[in-house]
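Below is one structure, written out as structure tokens; comments come after it.
The values are calculated or read from the model by the stated rules, or taken from the named source; none is laboratory data. All values derive from a computational prediction rather than experimental measurement. Heads up, the Cβs are rebuilt from the backbone with ideal geometry, glycines too, and the neighbour counts pull from every protein chain shown.
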Amino acid sequence: MSSVPFTVRLQPETKEALDVAAKSLDRTPGYIVNQAIQNYLQAEQEKETAILAAIEKADAGLLVSEKAVDDWLDSLDTPNPLNMPKSADRA
């Protein structure tokens with residue numbers, strides 16, 4: 001796969017940690033940075049997709065009440081936590 005040059009300024013301790021990680025993985029620092037950027041971009045795309053899906057559900061009226069969420073959250077540290085609430089149309 002072809003690549004294009006890209007420059008980034010790092011703090012010295014970040015560069016040192018990157019070099020150590022690269023050496024321990026037997027990879028180049030550039031490889032690790034490229035993988036990190038790809039992972040970040042993929043996570044951002046997945047987050048955007050989830051947000052858009054949630055907006056569609058909200059627009060369709062598939063909502064969970066604030067009380068149901070509060071009750072669920074309050075139960076998480078108890079011996080008998082509640083199941084995560086679902087919208088009335090999906091219950």
Residues in the stretch 22-37: is at least one within 15 Å of the chain's Cα centre (by Cα) and within 30 Å of Ser3 (Cβ to Cβ)? yes
Show the residue pairs that are 6+ apart or on different chains and have beta-carbon atoms under 8 Å apart, the first residue being within the stretch 1-16 and within 15 Å of Ile37 (Cα to Cα), the second being surrounded by fewer than 10 Cβ atoms within 10 Å (Cβ to Cβ) and among the hydrophobic types (A, V, I, L, M, F, W, C). none
Filter result (at pLDDT 95 or above and either in contact with a His (Cβ under 6 Å, 6 or more places away or on another chain) or of a type in the set (S, T, N, Q) (or both)) within the stretch 19-71: Ser24, Thr28, Asn34, Gln35, Gln38, Asn39, Gln42, Gln45, Thr49
Of the residues Leu63, Leu18, Leu82, which is in a helix (DSSP H, G or I) and of a type in the set (A, V, I, L, M, F, W, C)? Leu18
Failed condition for Trp72, given (1) assigned to a helix (DSSP H, G or I); (2) exposed (fewer than 12 other Cβ atoms within 10 Å of the Cβ), with all others met? (2)
Do we have any residue at all in the stretch 65-73 that's more than 30 Å from Val8 (Cα to Cα) and touching a Leu at 6+ places or on another chain (Cβ under 8 Å)? yes
For the stretch 21-60, how many residues meet the condition of being surrounded by 10 or more Cβ atoms within 10 Å (Cβ to Cβ) and either small (Gly, Ala, Ser) or not in a helix (DSSP H, G or I) (or both)? 12
